[in-house]
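Quick one: this structure, given as structure tokens, is what I'll be asking you about.
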Amino acid sequence: MSAKSGSEDGSSDDGHVAVVRFLQGAKLLGQTKLISGETIVEHAESAGVKIPTNCTSGTCGTCMVTLIEGKVDLPEILPPGLDDYLVERCARLGCIGVPLNDVDVDIRPPL
Ligand code: FES
């Protein structure tokens, strides 16, 4: 194994600490540093922001949020709680979506 780039606390080699921010419209509700592998909902808890959940497995869509900025990967096969129409509108599921860098999320679904 070689030296890892980036780290689990979200800081990268240049010292930048990635941050996940939660907004409702223009209002910043909270923010927390990125913890790699944690979901949007887990980051929201750390930031003191409540995102409602139900199934926590990508099925029901209760936790749907809107990705404003940054990268949250989607599974190759979309889970039942998302479809192409929603993805085109930047919908992500908080219970399974894992932020990969600096991310801004509106805690409301895109519709
Ligand atoms: S809580 Fe059901 S899709 Fe996330």
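Every number in this text was worked out from the coordinates using simple rules, so none of it is lab data. None of these values were measured; they are calculated from a predicted model. Positions of Cβ are generated from backbone atoms using ideal geometry, with glycine treated the same way; all protein chains shown enter the neighbour counts.
What are the ³J(HN,Hα) values, in whole Hz, obtained from phi via the Karplus relation 6.51 cos²θ - 1.76 cosθ + 1.60 with θ = phi - 60°, for each residue of the stretch 47-52 in sequence order, with x given for Gly and Pro?
8, x, 10, 9, 10, x
Please get the size of the charge dipole for the chain, origin at its Cα centre, with Cβ charges of +1 on Lys and Arg and -1 on Asp and Glu, quoted in debye to the nearest 20.
Dipole about the Cα centre, nearest 20: 380 debye.
Taking GluC sites (Glu not before Pro) as candidate sites, keep only those in a DSSP loop with at most 12 other Cβ atoms within 10 Å, then name the longest stretch of the chain containing none of them.
The longest uninterrupted stretch comes out as 9-75.
Still on this structure, I have one more. I'd like the trypsin sites (Lys or Arg not before Pro) in the stretch 5-99 restricted to DSSP loop residues with at most 16 other Cβ atoms within 10 Å, sorted by number.
Lys50, Lys71, Arg89
To continue, here is another question. Using modelled amide H (1.01 Å from N, peptide plane; none on Pro or chain starts), what sits under 5 Å from the amide H of Val103, excluding residues fewer than 5 places away?
It is Val19, Val20, Arg21, by chain and number.
Provide the per-residue ³J(HN,Hα) series for the stretch 102-110, in order, calculated from phi with Karplus coefficients 6.51, -1.76, 1.60 and θ = phi - 60°, each as a whole number of Hz, with x at glycine and proline positions.
4, 9, 10, 10, 8, 6, 9, x, x
Going from the alpha-carbon gyration tensor of the stretch 19-106, what semi-axes, largest first and in whole Å, does one get by taking the root of 5 times each eigenvalue?
After scaling each eigenvalue by five and taking roots: 19, 13, 13 Å.
Let me ask something else. Using θ = phi - 60° and the Karplus relation 6.51 cos²θ - 1.76 cosθ + 1.60, list the HN-Hα couplings for the stretch 24-34 in order, rounded to whole Hz, with x at every Gly or Pro.
Taking θ as phi minus 60°, the curve returns 10, x, 8, 8, 7, 8, x, 8, 8, 6, 5 Hz for the stretch 24-34.
Using alpha-carbon pairs under 8 Å, 6+ residues apart, how would you state the relative contact order of the chain in percent?
Reported relative contact order: 31 percent.
Net charge around Gly70, counting only other residues with Cβ within less than 13 Å of its Cβ (Lys, Arg = +1; Asp, Glu = -1)?
The answer is -2.
On a C-alpha basis, how far is the centre of the stretch 29-59 from the centre of the stretch 71-111 in Å? Whole number, if you could?
The distance from the Cα centre of the stretch 29-59 to that of the stretch 71-111 comes to 12 Å.
Taking only DSSP H segments of four or more residues, each worth -39500 (n - 2.57), what value at 222 nm results for the chain once the sum is divided by all its residues, to the nearest 500 deg cm²/dmol?
Using -39500 (n - 2.57) per qualifying helix, the result is -2500 deg cm²/dmol.
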